[in-house]
1. Have a look at Ala73, Leu19, Gly44 and report the one farthest towards the positive end of the charge dipole of segment 6-85, computed about the Cα centre with Cβ charges (Lys/Arg +1, Asp/Glu -1).
2. Under 5 Å between amide H atoms, partner at least 5 residues away or on a different chain: which partners does Met84 have, H built in plane at 1.01 Å?
3. Around Leu159, under 11 Å between beta carbons, what's the net of Lys plus Arg minus Asp minus Glu among the other residues?
4. Of Leu176, Leu149, Pro166, which is farthest on the positive side of the dipole of segment 134-179, counting Cα position, with +1 on Lys and Arg Cβ, -1 on Asp and Glu Cβ, and the Cα centre as origin?
5. I need the phi-derived Karplus couplings for segment 138-149: 6.51 cos²θ - 1.76 cosθ + 1.60, θ = phi - 60°, integer Hz, Gly and Pro marked x.
6. Straight-line reach from Lys178: which lysines have a Cα under 23 Å away, not including same-chain ones fewer than 8 places off?
7. How charged is the neighbourhood of Gln34? Take every other residue with its Cβ under 13 Å from the Cβ of Gln34, and add Lys/Arg as +1 and Asp/Glu as -1.
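Taken together, the values in this text are just the output of simple stated rules run on the coordinates, not laboratory data. Remember, predicted model here, so these are calculated numbers, not experimental data. Positions of Cβ are generated from backbone atoms using ideal geometry, with glycine treated the same way; all protein chains shown enter the neighbour counts.
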Amino acid sequence: MRFYELEKTDISNLNDGDLRELVARLCEAELAQQGVGPVCVLWGGAQEAADGGLDVHVKNTGHLKSPGFVPRANVGFQVKKNSMSKSACTKEMLDKAGLPKEVISELAENDGAYIIVSGKDDCSEKMLIERVSGMRAAVAGLVDKGNFLVDFYGRDRLLAWLRMYPGVALWVRSRLGKPLTGWKPFGRWAQTPIDKDDKFLSDN
């Protein structure tokens, strides 16, 4: 039923604010599946407001039974509509002095994770490895980096995440002006009474 599914280009067509909200809603949906309330997902405020380096912050969820796209109890997401190269990923994680941003250091201290999300990139395995390598370079000097996880989600991985939660996909469709209307499941569309024969008319 692929005609029901969203495409990678749909992810790219979301504006900055909607892309950030998509990540937040996906986090809430995944945590709800594990019995964790949405209070652990912080993401409010204006899109252009200073955020210290995090657009969505999953905070203090406790033990996660089945870590997935939210891999740790403390995760910071930085959401970008544009493409992010290896060097751009490194730069995004550093402050003006060339040191890891304070929020990233705090995540590392708590054995958390930091994930950059791009609504443009569609990564091959090599491209993904390069971007993650750039992110690791940014935190190479951190004392507490041992159990710190960094990752990169392009629109391909966002779409895979989105397929798991049809309710969030319907919200995305509404934001894109592509709602599912008028569709009905397979059934007795001819409205023939149940006890009557509704074969198609045939003629030799």
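1. Looking along the dipole axis, the top candidate is Ala73.
2. The answer is Asp121.
3. -1
4. Leu176
5. Ordered by residue, 3J(HN,Hα) equals 5, 10, 4, x, 6, 5, 9, 7, x, 10, 8, 9 Hz.
6. Output for Lys178: Lys8, Lys80, Lys81, Lys120.
7. Taking every Cβ under 13 Å from that of Gln34, the sum is 0.
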